[in-house]
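Worksheet: one structure, shown below.
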Amino acid sequence: MRTETAFLFDLDGTLVDSVYQHVLAWREALESEGIVLSVWRIHRKIGMSGGLFTNMLLRETGLDLDPARVERLRQAHASYYNQRSMAVHPLPGARELLHFLSDAGIPWAIATSGRMETAGPVLESLGVDLAHVPVVTRDQVKYAKPDPDLFLAAADRLGVPIEMSTVVGDAVWDMLAARRARSLGIGLLSGGYGLEELERAGAYRVFEDPLDLLSHIDEVGGRR
């Protein structure tokens, strides 16, 4: 097993500016089922697995949870999101940060609660080489965030102990999953959560976006 620090990145809101496209896609999916929820309520759940996300939203409405309906919602969300995916771009400094880590020989991987059907196009926009970079999606684990499975699987794919890994994410669900995985957590403000929220969830450092993290990378173990 390797013993150097590794970075495990969330995707949406952490490396790519896609949170609000997901929010609007979920709103359209819910409305297609006759469910009306405020956008802010939807945003608070972004970052969870689609199934848990749907369960929580439906529970807030008091509606019965029907597995067929949950699956229709998931598929509708994927369809509406993919219609918007061309407008999704990497966040400032995201490509540069990943290139820095690669050039410095620092292991990194991506772990996302999204499925490959929605993650694929934005991974291309980041220039991620799927043949060489571990990417763990919801399809590959039993449970997604706030469970730790995604990050545990990503560290395992890198061959780095999870205790030597740092999770980088934009949501409280990332930080909670990092704590449960026994990993350090770095929060980014680029997904819409506040500084205090991320710190309460376990982030030991919080930066504005990938560019801000890159400019302070030596402070979080990212040395050449």
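The values are calculated or read from the model by the stated rules, or taken from the named source; none is laboratory data. Bear in mind that the values here come from a model prediction, so they are computed numbers and not experimental data. Backbone-built Cβ (ideal geometry, glycine too); neighbour counts: all protein chains shown.
Taking Thr166 as the residue in question, decide whether it is farther than 22 Å from Asn55 by Cα and either under 14 Å from the mean Cα position of the chain (by Cα) or surrounded by 18 or more Cβ atoms within 10 Å (Cβ to Cβ) (or both).
yes
Within region 148-184, track down each residue that is in contact with an Asp or Glu (Cβ under 6 Å, 6 or more places away or on another chain) and of a type outside the set (Val, Ile, Thr).
The answer is Gly169, Asp174, Arg182.
Out of the residues in region 126-146 meeting the condition of being in a loop (DSSP other than H, G, I, E, B) and touching a residue at least 40 places away in the same chain (Cβ under 8 Å), tell me which one is surrounded by the fewest Cβ atoms within 10 Å (Cβ to Cβ).
Tyr143
Step by step: first the residues of region 45-64, then only those that are assigned to a helix (DSSP H, G or I) and surrounded by 17 or more Cβ atoms within 10 Å (Cβ to Cβ), then the one that is modelled with the lowest pLDDT. Which residue is that?
The qualifying residue modelled with the lowest pLDDT is Gly50.
The conditions are (1) buried (at least 23 other Cβ atoms within 10 Å of the Cβ); (2) not in a helix (DSSP H, G or I), and Ser190 fails exactly one of them. Which is it?
Ser190 satisfies every listed condition except (2).
Looking at Glu124, is it farther than 14 Å from Phe7 by Cβ, in contact with a helix residue (DSSP H, G or I) (Cβ under 6 Å, 6 or more places away or on another chain) and of a type in the set (Asp, Glu)?
In short, no.
Is it the case, given these coordinates, that Ala181 is under 26 Å from Asn55 (Cβ atoms) and among the aliphatic types (A, V, I, L, M)?
yes
Could you list, ordered by first residue, the pairs with Cβ atoms under 6 Å in which the first is in region 110-125 and closer than 18 Å to His77 by Cα and surrounded by fewer than 17 Cβ atoms within 10 Å (Cβ to Cβ) and the second is at pLDDT 85 or above and among the hydroxyl-bearing types (Ser, Thr, Tyr), at least 6 apart or interchain?
That search, which allows pairs on different chains as well, returns Met116/Thr137.
Could you check, for region 4-25, whether at least one of its residues is of a type in the set (Gly, Ala, Ser), outside any helix (DSSP H, G or I) and surrounded by fewer than 20 Cβ atoms within 10 Å (Cβ to Cβ)?
No, region 4-25 contains no residue that is of a type in the set (Gly, Ala, Ser), outside any helix (DSSP H, G or I) and surrounded by fewer than 20 Cβ atoms within 10 Å (Cβ to Cβ).
Restricting attention to region 149-177, which residues are in contact (Cβ under 8 Å) with a residue 24 or more places away in the chain and over 23 Å from Val122 (Cα atoms)?
Gly159, Val160, Pro161, Met164, Ser165, Leu176
Filter region 147-163 for residues that are farther than 15 Å from Ala177 by Cα, of a type in the set (A, V, I, L, M, F, W, C) and part of a helix (DSSP H, G or I) and give the result.
Leu158
Residues are listed down the side, and each one gets a yes or a no for (1) within 24 Å of Val141 (Cβ to Cβ); (2) touching a residue at least 40 places away in the same chain (Cβ under 8 Å):
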position	(1), (2)
Glu71	yes, no
Arg84	no, yes
Ala94	yes, yes
Phe100	no, yes
Trp108	yes, yes
